[in-house]
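To keep things clear, I will list the structure first and then write my remarks on it.
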Amino acid sequence: MLRRYIIGFLMVVLLLINTSPSSAASHSYAVIDAETGRLLLGANEHTPLPIASLTKMWTALVALENMDLQAPVTVSKQAAMSEGSSIYLTAGEETTLETLLYGLLLRSGNDAAAAIAEACGGSLEGFSKMMNDTAALYGLEHTHFENPSGLHNEQHLASAYDTAQMLRIAMQNKKFKKIASTKNYSSNTVNGTVWENKHKLVRNNKFAIAGKTGYTKVAGRTLATYFEKDGKKVIVVTINESNDWLVHSSHAEYVFKNYRNEVVAKSGTYSVQSDIRVNLADSQTLLLTKQEEKSVQHILQLPRAKSQDAIGRWSFYIGDNLVKDTLVEVDWR
């Protein structure tokens, strides 16, 4: 009896040891300024975790950067039989990349993801490599893809911060922004119907412009949302957050209430030294709290040699963190 008690006690201790660290790191979130990419709020924001169907934001961007919207795509048997969420494509039917992207982003179709991957990358593996190469190009350091849909794989991971950057980068693509912001789309597939955007906030919150939902048993609920209000643009990403709709709205409202767009440098000509002037073409604005307004630092990098078309760099820091930089024309008198 005593021996069974000791064994049972040890098993409980081992279970606690094994599960506590992973469960502590299994939840994360990131809130970023959608203009600069600066992290505003977060927890475990750089920890790589399963992101489920938030993967499809990157799938869409990679496809858009490599294919024409009207490119014809023939659905393979393998794609039509994809595991998980589906837009009910049939093997052999032909549609366009555009239609598949709507099915991908609005209804999270894994069959759409597979069809896109095969058309763009030749295979799921080939397209996954394209996704990883593009992630490296954009500086996503805590991201690795193994498939285009987000189905669970031990190596298929991304941080909340990187995932927020994915949406920020993708929203700079006008075609992506249009599709991801759509509430309803009438599809022309064989089993076509009206596709409603799964993202409830995009449908019902006037400040939620675009986003993506996700879920697997391992990842839990994952959500990415792009908000915009009074010129302030904010992205919220949560991983394994059961109350994600409320959390996203709350984080966005916090930023809208406590941050404001401040002009940190007006456009114009500035005298740096008696014989050097720099021309700033556009006013520079940052999303800042009242405290941060006083701590913005300016660093100007100038070329060493004089030349007619000299270009310098004007950088804006908060503490040790680079927030934004821009190029300036340099004139020597």
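Within the stretch 137-148, is even one residue closer than 20 Å to Lys77 by Cα and either touching a Lys or Arg at 6+ places or on another chain (Cβ under 9 Å) or open to solvent by 20 Å² or more (accessible area, probe 1.4 Å) (or both)? Even if it seems obvious, please write down each step before you answer.
The first filter runs over the stretch 137-148 and keeps only residues closer than 20 Å to Lys77 by Cα, leaving 147-148.
Pick out the ones that are also either touching a Lys or Arg at 6+ places or on another chain (Cβ under 9 Å) or open to solvent by 20 Å² or more (accessible area, probe 1.4 Å) (or both) and you get 147-148.
Checked against the condition, which is being closer than 20 Å to Lys77 by Cα and either touching a Lys or Arg at 6+ places or on another chain (Cβ under 9 Å) or open to solvent by 20 Å² or more (accessible area, probe 1.4 Å) (or both), the stretch 137-148 yields at least one hit.
If you filter the stretch 120-131 down to residues that are open to solvent by less than 50 Å² (accessible area, probe 1.4 Å) and over 14 Å from the mean Cα position of the chain (by Cα), you find that the one that is nearest to Ala52 (Cα to Cα) is Ser128.
Take the residues of the stretch 158-189 that are touching a Ser or Thr at 6+ places or on another chain (Cβ under 7 Å) and surrounded by 15 or more Cβ atoms within 10 Å (Cβ to Cβ): which is farthest from Phe227 (Cα to Cα)? If we take residues in the stretch 158-189 being touching a Ser or Thr at 6+ places or on another chain (Cβ under 7 Å) and surrounded by 15 or more Cβ atoms within 10 Å (Cβ to Cβ), then Thr189 is farthest from Phe227 (Cα to Cα). Considering the stretch 196-245, and only residues there that are open to solvent by 10 Å² or more (accessible area, probe 1.4 Å) and hydrophobic (A, V, I, L, M, F, W, C), the residue that is modelled with the lowest pLDDT turns out to be Val218.
Regarding the stretch 50-66, can at least one residue be identified that is under 15 Å from the mean Cα position of the chain (by Cα), closer than 25 Å to Val218 by Cα and open to solvent by 10 Å² or more (accessible area, probe 1.4 Å)? Taking every residue of the stretch 50-66 in turn, at least one turns out to be under 15 Å from the mean Cα position of the chain (by Cα), closer than 25 Å to Val218 by Cα and open to solvent by 10 Å² or more (accessible area, probe 1.4 Å).
Screening the stretch 309-333 for residues that are outside any strand (DSSP E or B) and under 19 Å from Ser271 (Cβ atoms) and picking the one that is most open to solvent (accessible area, probe 1.4 Å) gives Arg333. Within the stretch 269-277, does at least one residue satisfy the condition of being among the small types (Gly, Ala, Ser), surrounded by 12 or more Cβ atoms within 10 Å (Cβ to Cβ) and touching a Lys or Arg at 6+ places or on another chain (Cβ under 8 Å)? There is no residue in the stretch 269-277 that is among the small types (Gly, Ala, Ser), surrounded by 12 or more Cβ atoms within 10 Å (Cβ to Cβ) and touching a Lys or Arg at 6+ places or on another chain (Cβ under 8 Å). Take Gln155 and decide whether it is farther than 27 Å from Ala79 by Cα and either modelled with pLDDT of 95 or more or of a type outside the set (Asp, Glu) (or both). No; evaluated as a whole, the condition is false for this residue.
The values are calculated or read from the model by the stated rules, or taken from the named source; none is laboratory data. Small disclaimer: the values here were computed from a predicted structure and weren't measured. Note that we place each Cβ from the backbone using ideal geometry, even for glycine, and neighbour counts take in every protein chain shown. Just so you know, the surface numbers come from the protein's heavy atoms only, side chains and all, with ligands and any DNA or RNA stripped out. Shrake-Rupley method; radii C 1.70, N 1.55, O 1.52, S 1.80 Å.
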